[in-house]
1. Give me a count of the residues in the stretch 89-105 that are modelled with pLDDT under 90, farther than 15 Å from Val47 by Cβ and not charged (D, E, K, R).
2. Can you name the number of the only condition in (1) modelled with pLDDT under 90; (2) within 14 Å of the chain's Cα centre (by Cα); (3) within 18 Å of Arg110 (Cβ to Cβ) that Lys5 fails?
3. Would you check if Asn46 is open to solvent by 80 Å² or more (accessible area, probe 1.4 Å), over 14 Å from Gly7 (Cβ atoms), modelled with pLDDT under 95 and in contact with a strand residue (DSSP E or B) (Cβ under 6 Å, 6 or more places away or on another chain)?
4. Hey, can you tell me all the residues within the stretch 23-41 that are hydroxyl-bearing (Ser, Thr, Tyr) and within 16 Å of Gly115 (Cβ to Cβ)?
Amino acid sequence: MPRNKKGIFCLEGDWSRHLEQSSSVEPILALMAKWEPHYVPYIHRNVSTKESLRSYLGLWARKHYRGYPLLYLAFHGNPGVICLGNECHDGNQITLDLLEDYLRGKCSGRIIYFGSCGTLGAHGN
């Protein structure tokens with residue numbers, strides 16, 4: 001696989017409250033990594049806390065990971081928030097404002113894709 005390929009940095013939350021279910025977007029990413037001739041490299045991490053989300057976002061923003069300019073946030077969501085768990089409640093919601101605080105000044109030349117229902121359905125002031 002060529003080293004100059006642009007990759008995907010995926011952070012994913014839990015999709016179900018049932019631990020026996022293993023739903024994930026990772027098989028799709030793995031397929032894309034083997035998709036000839038494109039071979040899209042990826043990094044995939046599961047996220048369940050605000051602290052781990054902030055930590056991974058900080059890593060993604062580093063120069064070392066500039067080869068992964070697409071941040072794919074695979075979570076449940078509601079207008080203006082992503083939800084780190086399988087249900088949205090105050091303890092696991094990340095607002096777009098907080099996400100902006102985490103990433104302020106670190107996204108030049110990068111793309112953020114929200115793979116979460118409803119998140120971008122928020123109305124601005």
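1. Residues meeting the conditions: 1.
2. Here Lys5 meets the rest and fails (2).
3. Yes.
4. Once the filter is applied, which keeps residues that are hydroxyl-bearing (Ser, Thr, Tyr) and within 16 Å of Gly115 (Cβ to Cβ), the stretch 23-41 yields Ser23, Ser24.
Table: residues versus (1) part of a helix (DSSP H, G or I); (2) under 12 Å from the mean Cα position of the chain (by Cα).
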position: Ser23; (1), (2): no, no
position: Ile28; (1), (2): yes, no
position: Leu31; (1), (2): yes, no
position: Pro37; (1), (2): no, no
position: His44; (1), (2): no, yes
position: Leu53; (1), (2): yes, yes
position: Leu57; (1), (2): yes, yes
position: Asn86; (1), (2): no, no
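The values are calculated or read from the model by the stated rules, or taken from the named source; none is laboratory data. Owing to the predicted nature of the structure, the values given are computational and were not obtained by experimental measurement. Quick reminder, even Gly has a Cβ in these numbers, built from the backbone with ideal geometry, and neighbours come from all protein chains shown. All accessible areas refer to the heavy atoms of the entire protein, side chains included, with ligands and DNA or RNA removed. Shrake-Rupley method; radii C 1.70, N 1.55, O 1.52, S 1.80 Å.
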